[in-house]
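Have a look at the structure below before the remarks.
The values are calculated or read from the model by the stated rules, or taken from the named source; none is laboratory data. What you see is a predicted model, and the numbers here were worked out from it, not measured in a lab. Quick reminder, even Gly has a Cβ in these numbers, built from the backbone with ideal geometry, and neighbours come from all protein chains shown.
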Amino acid sequence: MQELIERLREDYPNLRLCEGKRFCFRPPRTIIFVLGSDKVEQNSDALQLLHEVGHALLEHKNFATDPERLRMERAAWEKARELCECYGVCYDEEFVEEELDTYRNWLHQRSRCPQCGLTRYQTIDGKYHCPSCEE
Ligand SMILES: [Zn+2]
Ligand SMILES: [Zn+2]
């Protein structure tokens, strides 16, 4: 993992890689990574890291709507797949699908109307509206 971080720093000097509590990408070019001690987790950590690099390389910014965000998540994983080849990291399809599932569930939860349970829709400003409770 340490080695991968060093290589990424060399290959992408314009990205800022910082250690933190969870993996995330902060536009425009900061990537937060976690250094786990568990050996078993190392491959998924590397994958996560490459996924965040994917966001950065695709120049993802903050997004207004959730479907848009899901598209970006997918795109970043596709980018990670390419990066995996360059850096000799195993692209774990199952892990990626699990990550995306977590994301989809979260999205689904968010889109449910707390009053009637109906699926709400989102306008471009990111706000949710219920077709039944709102006129
Ligand atoms: Zn992501
Ligand atoms: Zn409702």
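Kindly provide the set of residues from the range 52-70 that are within 10 Å of the chain's Cα centre (by Cα) and not acidic (Asp, Glu), ordered by number.
From the range 52-70, those within 10 Å of the chain's Cα centre (by Cα) are 52-55, 69-70; that's our starting set.
Of everything in the range 52-70, those that are within 10 Å of the chain's Cα centre (by Cα) and not acidic (Asp, Glu) turn out to be Val53, Gly54, His55, Arg69, Leu70.
In the range 79-88, which residues are closer than 12 Å to Leu47 by Cα and either at pLDDT below 95 or exposed (fewer than 14 other Cβ atoms within 10 Å of the Cβ) (or both)?
Result: Glu82, Glu85, Gly88.
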If Tyr121 satisfies every condition in (1) at pLDDT below 95; (2) more than 16 Å from ligand 2 (Cβ to nearest atom) but one, which is the exception? (2)
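Within the range 70-103, can you find the residues that are farther than 20 Å from Leu4 by Cβ and either β-branched (Val, Ile, Thr) or without any contact (Cβ under 8 Å) to a residue 24 or more places away in the chain (or both)?
Here is the first cut: in the range 70-103, the residues farther than 20 Å from Leu4 by Cβ are 70-75, 94, 97-98, 100-103.
Those that are farther than 20 Å from Leu4 by Cβ and either β-branched (Val, Ile, Thr) or without any contact (Cβ under 8 Å) to a residue 24 or more places away in the chain (or both): Arg71, Met72, Ala75, Glu94, Glu97, Glu98, Asp101, Thr102.
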Could you please tell me which pairs satisfy a Cβ distance under 7 Å, a separation of 6+ or placement on different chains, a first residue in the range 49-65 that is in contact (Cβ under 8 Å) with a residue 40 or more places away in the chain, and a second residue that is more than 8 Å from ligand 1 (Cβ to nearest atom) and polar (S, T, N, Q)? Thr65/Gln122
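Give the residues of the range 98-130 that are assigned to a helix (DSSP H, G or I) and out of contact with any Phe, Trp or Tyr (no Cβ under 8 Å at 6 or more places or on another chain), sorted by residue number.
At the first step, the residues of the range 98-130 found to be assigned to a helix (DSSP H, G or I) are 98-111.
Residues satisfying the conditions are Glu98, Asp101, Thr102, Tyr103, Arg104, Asn105, Trp106, Leu107, His108, Gln109.
Of these, Ser44, Ser37, which one is exposed (fewer than 14 other Cβ atoms within 10 Å of the Cβ), at pLDDT below 95 and hydroxyl-bearing (Ser, Thr, Tyr)? Don't jump to the end; show me each part of the working.
Numbers: Ser44 fails: exposed (fewer than 14 other Cβ atoms within 10 Å of the Cβ).
Result: Ser37 is the single residue among Ser44, Ser37 that is exposed (fewer than 14 other Cβ atoms within 10 Å of the Cβ), at pLDDT below 95 and hydroxyl-bearing (Ser, Thr, Tyr).
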